[in-house]
Every structure is written in structure tokens, then in C-alpha cells.
Amino acid sequence: MLAVPVRAARSAVATTKRTAEHEPIARVLPMLTVPHLDREFDYLVTPEQSDDAQPGVRVRVRFHGRLVDAFVLERRSETDHEGKLGWLDRVISAEPVLTPDIRRLADAVAARYAGTRADVLRLAIPPRHAKVERETPTAPTITELDRLPAPDPAGWAEYGRGTQFLTALAEGRAARAVWQALPGEQWTERIAEAAAATLSGGRSALVIVPDQRDIDAVHAAAVAHCGADGVVALSAGLGPAARYRRWLTVLRGTARLVIGTRSAVFAPLANLGLVMVWDDGDDTLAEPRAPYPHTREVAMLRAHQLRCAAVIGGYARTAEAQALVRSGWAHDLVAARPVVRARAPRVVALDDGGFEQERDPAARTARLPSLALRAARSALQADAPVLVQVPRRGYVPSLACAKCRTVARCRHCTGPLSLTGSQAESGGVAVCRWCGRADTALRCARCGSDSVRAVVVGARRTAEELGRAFPGTSVITSSGESMVSDIAGGAALVVATPGAEPAAPHGYGAALLLDSWALLGRQDLRAAEDTLRRWLAASALVRPRVDGGVVAVVAEAAIPTVQALIRWDPVGHADSELAGRAEVALPPCVHLAALDGTTEAVAALLAAAGLPELGEATADILGPVDLPPGVRRPAGIEPGVEVIRMLVRVDRDDGLALAAALRRASGVLSARREHPPVRVQIDPLHIG
């Protein structure tokens with residue numbers, strides 16, 4: 001600690017300033033960016049500052065000649081440092097924004113992800129807005145939530161032990177579940193009912209969803225069940241003033257139900273009874289800022305610390321969620337198979353029935369085979385909308401026959417062919433994106449032509465193709481750039497990218513899932529899991545099979561992910577995925593750290609961490625490998641300098657020890673200043 005004994009401090013500064021009579025030492029955490037200074041420092045407090053300089057408030061301190069912001073962690077009567085203390089420069093605000101619960105959570109997140117507490121607190125506590133702080137009422141008001149009745153359990157009764165789960169929430173028990181939402185489920189209603197049950201027992205609830213559209217939907221359902229008072233929506237899209245105003249209502253106890261995106265997982269709710277995370281496989285729930293925590297993991301840490309209820313819900317299931325069930329930390333909240341079959345649409349794939357290829361010889365290579373066109377035509381004739389999901393926004397480069405425009409596919413695995421990099425520039429041979437085989441004698445499977453051309457396939461191109469296939473039918477496009485929230489009833493073709501599918505008032509009559517290769521063919525640990533998640537989200541918007549709902553997936557029926565969709569079995573798929581990762585020692589069955597930086601810096605970090613030795617355990621060092629596609633370079637490294645990624649793998653039980661070793665080593669390198677910083681990510685979504 002940079003501090004001085006109180007007696008010495010008082011004598012040294014007696015002629016200029018007086019220290020506070022009671023607990024004259026403030027132990028603070030400066031908001032610094034370097035790992036080796038992630039520790040507390042002691043400062044002297046004047047009598048004028050004493051009343052306001054309480055634990056949790058923001059202060060300004062002088063550190064190495066410059067003023068920096070800090071949080072007061074505690075007030076003390078003595079210090080254990082053998083030097084001269086500085087003085088608090090000023091108390092920025094008397095608002096105790098860092099609560100004991102959030103401080104404890106920030107400590108745990110920093111330890112779990114080998115990060116600094118300052119970085120975690122930047123995620124947890126929004127910047128101050130002085131005017132808003134003065135205007136917002138300081139005392140909580142009596143709201144409708146204080147007399148909220150228990151919700152109707154009928155919606156949850158369709159799930160095994162669903163009614164008992166609601167009862168447990170109302171009684172304040174720490175029930176933990178992984179909830180598999182039924183096809184076509186009004187999931188926002190179920191979430192609002194779970195929150196209402198928690199509030200009826202006198203406790204608060206926290207709901208985390210991927211994006212603003214989900215916030216709006218859950219907020220509307222929550223207001224209908226709980227009333228508008230005490231329900232707050234938090235998201236990064238709010239302006240600084242609006243966000244801080246809402247955050248203060250949570251801190252001061254007026255709000256008891258918070259709905260928000262990933263940073264809202266740190267909302268300072270008192271007496272927390274329930275944490276819910278919807279669709280934990282969505283990439284947006286992985287924090288892109290250091291120390292890169294995943295919202296699901298932070299939520300589970302918080303539930304564990306506070307011994308409160310927790311729910312992870314979605315149409316799909318991640319391997320991480322399944323691991324929680326396997327470990328016994330959470331139980332399954334699923335419906336019986338007859339209920340699932342009754343609620344799900346009929347799902348057909350390319351070769352379902354065994355004679356599809358005979359009836360449609362081009363089905364394997366056509367992007368819109370007759371299987372898909374028939375499903376769409378039947379729905380449109382029934383005056384029902386048709387959803388067409390394409391995997392990427394905009395356009396995706398591919399190869400096709402120059403004569404008949406049939407998409408070129410690998411003769412070995414039916415994967416897409418393309419010319420990339422130097423091959424594209426020199427007009428070289430086509431290479432399969434799936435198996436990597438080259439096709440030196442490419443001919444069109446439909447017309448026999450050996451001439452190919454580059455084509456583009458995507459939402460806009462798909463809309464054009466469908467417009468020609470169904471003249472006179474309204475075509476609507478929805479993507480991240482221009483998202484449509486809902487559509488009117490009646491016949492229409494809706495072309496959407498994953499996550500941008502509009503809601504239809506009575507469900508879609510059919511859904512076409514195109515370009516499966518673009519999802520399944522990715523070189524990514526989570527390719528199959530993410531593909532099924534996107535397919536299930538779209539298929540859940542389709543009417544049940546008894547009402548004629550059909551989902552046509554343009555993919556081979558034998559692929560396990562396609563089979564999981566046909567059977568509507570995300571739990572079985574997650575279980576298989578978890579078993580597969582256990583065989584090859586990949587997360588969540590192990591902990592994996594990705595170290596990104598220059599060759600010299602990464603080597604120095606490994607040496608400082610003492611790896612591969614890790615106490616009584618041994619870590620596996622893998623690599624170097626290239627950064628995964630789309631992953632940005634670490635900050636602080638000059639353009640043109642080579643960046644590598646090394647992977648460090650340890651057993652599941654050694655995750656905290658690995659994080660501690662890397663955290664300590666990052667501090668050593670930071671203090672030496674001999675190398676550019678190394679980015680450390682624990683269990684990143686994309687490994688490389």
C-alpha cells in the first residue's frame with residue numbers, strides 16, 4: 001500500500017491540513033488501466049470530506065502527479081504503509097455507487113477472467129451525470145410491486161416441475177434451472193411471470209436479453225404483469241443522462257425489476273431473488289471489452305454469491321448451459337415430448353422421404369430447390385406469410401455456373417466452392433470451403449458447362465430471386481441494417497437474417513432455411529451449436545404442424561444438427577456437443593486461455609506465469625495459431641507487426657489457478673514495460 005502511519009501523517013502535515021477525527025484513512029481503488037497497479041492505496045481525509053467520503057463513493061486522488069478517479073473501498077483508523085500519505089483531492093459525489101454486492105461480484109469476475117477490478121467496474125457502473133444525480137429522488141417510493149399477487153401458473157404448467165418452480169421463486173428459494181422454451185412459446189410472458197412470482201415474495205429480479213428489441217418485448221410483458229412502477233429497462237443505447245437516471249432508480253431502491261442487455265447484469269439491485277438470461281448463445285452477450293466476461297458466467301457468479309434463483313432460457317441450448325445441468329448446479333425445465341411435438345412445426349430436409357432426389361435431381365445443388373418452393377407456395381396459397389432465413393447480411397461471395405447460374409458445389413462433400421485470396425486474383429482452381437479439396441475439372445452438375453462465374457448470395461439477392469419465383473407477392477427484407485419488428489397478417493415473403501426475423505400475428509405458415517453451408521461450414525468451435533440456435537429461433541415463429549406449419553431446411557437430413565432440428569431436440573444436441581468437446585478437451589469441459597500479442601510478448605507472459613507448471617497441475621500450451629476470422633488485433637500493437645495467438649488449456653478445476661497466474665504475469669509485464677501488452681481472454685467464444 002502507498003500509505004503512511006496515521007500518527008506520522010498527522011505530524012507531517014499538521015501545519016497545513018487536519019485529518020478527520022474518526023477513521024482518517026480512506027482506502028481507495030484508483031481507476032487505472034495498467035495491471036500492475038490493480039491494488040488499493042491509502043489517502044488522508046480532511047474533516048470537511050469525512051461525512052461524504054464513505055465506502056462506495058467516487059473520489060479524485062492525485063496519483064504520480066496526475067488526478068485520477070477512484071472508488072472508496074473502506075475507511076480505516078490506521079494504515080500499514082511506511083511512507084507519507086497523500087490527501088484525497090475531493091469527493092466527486094456522496095452517492096455510494098459501488099455497493100458491497102457489486103464490489104464482491106467485480107472481485108470475482110476479475111479473478112475468473114484474469115482481469116483488473118478497474119476494468120470490471122467500468123463495465124458495471126455508468127459514468128456520472130451530475131445534473132441527473134441532483135434531480136433523481138433519493139428515497140424509494142411505494143410501487144405496485146409492493147402488493148403484487150402471484151402470477152397465473154398455467155403457462156409454466158406445460159413444463160415438468162414448472163409450477164413448482166414458480167412456487168419456489170415466490171417463496172424466495174434458490175431454484176436454478178435451464179429452461180427449454182417450447183416452439184411458438186410466448187417467452188416474454190413466461191419471463192414476466194417468473195419475475196412477478198419473485199416480486200410477489202418481496203425480492204427483486206434481473207432479466208438479461210441480447211438486444212434492444214428483446215428489451216422492448218420483455219418490458220411490455222413485464223409492465224402488463226407488474227405495472228409500470230418499479231420496472232426499469234437498461235441498455236447501452238440510452239443516452240448518458242437517461243441511462244444514469246434509470247441506473248440511479250435501481251441503486252436507490254425504487255426499481256425492483258431490471259431488464260437489460262449484458263452490462264445490466266451488474267445492476268445494483270438490493271435483495272436480489274432471481275437472475276434470468278435469455279438466449280445465452282447469442283454473441284452479443286460476450287463482452288468485447290476487457291476482461292471479456294460472458295454475461296451468462298457473470299449471472300451465475302452473482303446467483304452463487306447471493307444464493308438466489310437463476311434461469312438460463314432459450315429455444316436452443318449451449319454446451320455451457322448443459323454442463324450446468326450435468327453438474328447438478330441447475331435442473332432441467334423442459335416439456336414432455338408429446339407437448340413438444342404438438343407445438344412444433346413439421347421440419348423437412350433435402351432428402352426426407354428417400355425419393356426427393358429422384359423427383360428433383362437438382363435439389364442437392366439448387367439454392368431454392370422445389371422442396372423449399374413447394375413449402376412456400378402452399379403457405380402463400382393459404383394466405384400465410386413465409387419466412388426465409390439467410391445466414392448473412394448483405395452479400396456472400398460464391399461460385400456458380402456461368403450458363404445456368406447453379407451454385408457450384410464440391411463433388412466430395414457438396415460444400416460450396418470459391419476462389420479466395422491469390423487464387424481469386426490469378427483465376428486459379430476452385431476450392432471447397434468445407435473439406436478444402438480443389439476441383440481442377442469443375443463442371444456444372446445441371447447443364448455440364450465448365451464455365452463458372454463469381455456470384456453473390458444474400459438477403460437482397462434472395463429477395464430478388466423470390467420475387468421472380470412468386471410474382472405479385474409482397475417481399476419484405478429485414479436485417480441488422482434495417483430491422484422490421486413485426487408484419488401484418490396475410491401472404492408475404494419475409495427475407496431476414498438471423499436475429500432480425502419479424503414477428504407475425506398468427507405465426508408463419510412456412511420457413512425456408514437457406515445456405516446452411518454458410519453456417520455449418522464455418523471453422524468454429526460453436527458452428528453447429530450456433531446454427532441450430534439460429535434455425536430454432538426462426539422455426540419457433542412458424543405455426544404448429546397441426547395448423548400446417550412447415551420448415552424446409554436446405555441441408556442434408558443426415559447431418560446431426562439437421563436431425564436435431566427435425567426432432568426438435570436441442571437438449572440432445574447440447575448433450576452430444578458437450579460429449580464431443582470432452583473428447584477433444586475443449587470448453588466448457590476444460591478452461592482455455594487465449595493469449596494474443598507479439599511472439600516475444602506472449603513468450604514473456606508465459607515465462608512470467610511459470611507455465612506450463614501450475615501448482616500441482618500442468619497446463620497444455622497450444623499454438624501458435626492465427627487469430628480467428630473477424631477477431632480484432634490487440635490494442636497497442638503497431639500495424640504490420642505480426643500477432644500470434646497461444647492457447648493455454650487446463651482442467652476444469654484449475655481455471656481459477658490459471659487466471660491467477662496470468663493475472664499476476666500481466667502485472668509483471670506491465671511493470672517492466674518491455675513488450676506491448678498481451679490480450680488475455682479466458683474461455684473466448686472464438687478460439688482459432
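Coordinate-derived values only; no laboratory data. Note that the structure is a prediction, hence the values are computed from the model and not measured. So basically every Cβ, Gly included, is an ideal-geometry build from the backbone, and we count neighbours across all protein chains shown.
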**Message:** Could you tell me the calculated FRET efficiency between Ser327 and Thr16, based on Cβ-Cβ distance and R0 = 51 angstrom, to the nearest 0.05?
**Reply:** 0.30
**Item:** Amide hydrogen neighbours beyond the local backbone of Ala503, cut-off 5 Å, H modeled
**Value:** Asp486, Ile487
**Request:** Please give, to one decimal in nm, the separation of the simple spin-label points placed at Arg437 and Ala270, each 7 Å out from Cα toward the Cβ.
**Result:** 6.8 nm
**Request:** Specify whether the C-alpha gyration tensor of the range 567-635 places it in the rounded, prolate or oblate class, a ≥ b ≥ c being the square roots of the eigenvalues: rounded for a/c under 1.5, otherwise prolate if a/b is larger than b/c and oblate if not.
**Result:** oblate
**Complete:** Mean Cβ-within-10 Å packing, highest first, puts peptides 369-378, 192-201 in the order 192-201, 369-378
**Prompt:** What does the helix-only formula give at 222 nm for the chain: each DSSP H stretch with n ≥ 4 adding -39500 (n - 2.57), the total divided by the residues, and the result rounded to the nearest 500 deg cm²/dmol?
**Reply:** -9500 deg cm²/dmol
**Fill in**
Residue span Lys403 to Gln186: 0.36 nm per residue of separation minus Cα-Cα distance leaves a gain in nm of 73.4 nm
**Cα gyration tensor, the range 219-280 - rounded (a/c under 1.5), prolate or oblate** = rounded
**Prompt:** Separation between the Ala220 and Val668 pseudo-spin-labels, each 7 Å from Cα along Cα→Cβ, expressed in nm?
**Reply:** 5.6 nm
**Fill in**
Percent relative contact order for the range 6-96, counting Cα pairs under 8 Å at least six residues apart, stands at 34 percent
**Sparse-neighbourhood loop sites, GluC sites (Glu not before Pro) in the range 566-658 - DSSP loop, at most 12 other Cβ within 10 angstrom** = Glu616, Glu642
**Request:** Report the full-extension gain for the segment Val34 to Ala157: residue separation times 0.36 nm, less the Cα-Cα distance, to one decimal in nm.
**Result:** 39.1 nm
**Message:** Using a 10 Å cut-off around each Cβ, can you sort Val562, Val553, Val429 from fewest to most neighbouring Cβ atoms?
**Reply:** Val429, Val562, Val553
**Item:** Stokes-Einstein diffusion coefficient of the chain, Kirkwood radius over Cα pairs, 25 °C, 0.890 mPa s, in µm²/s
**Value:** 88 µm²/s
**Prompt:** Order of Arg203, Arg652 from fewest to most other C-beta atoms within 10 Å?
**Reply:** Arg652, Arg203
**Fill in**
Most packed first (mean Cβ within 10 Å per residue), the peptides 60-68, 230-238 order as 230-238, 60-68
**Request:** Calculate, for Ala660 and Asp51, the FRET efficiency according to 1/(1 + (r/R0)^6) with r their C-beta to C-beta distance and R0 30 Å; round to the nearest 0.05.
**Result:** 0.20
**Asked** Given a cut-off of under 8 Å on Cα pairs at least six residues apart, what relative contact order in percent is computed for the chain?
**Response** 12 percent
**Prompt:** Which order, highest average first, do 485-497, 289-301, 248-260 follow once you tally other Cβ atoms within 10 Å for each residue and take the mean per peptide?
**Reply:** 248-260, 289-301, 485-497
**Fill in**
In nanometres, the difference between 0.36 nm per residue of separation and the alpha-carbon distance of Arg652 and Asp620 is 10.2 nm
**Complete:** Checked the range 590-682 against the a/c 1.5 cut and the a/b vs b/c comparison, axes a ≥ b ≥ c from its Cα gyration tensor; verdict oblate
**Item:** Estimated translational D of the range 134-340 in µm²/s (Stokes, Kirkwood radius over Cα pairs; 25 °C; 0.890 mPa s)
**Value:** 145 µm²/s
**Message:** Quick check on the exposure proxy: order His686, His591 from fewest to most C-beta atoms within 10 angstrom.
**Reply:** His686, His591
**Item:** Calculated FRET value between Gln563 and Ala469, using beta carbons and R₀ = 30 Å, to 0.05
**Value:** 0.60
**Message:** Using a 7 Å offset from the Cα along the Cα-to-Cβ direction at both Ser77 and His64, what is the distance between the two label points in nm, to one decimal?
**Reply:** 3.5 nm
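What does DSSP give for the chain in terms of the percent of beta bridges that are antiparallel, rounded to the nearest 5?
So the antiparallel bridges amount to about 50 percent of the total.
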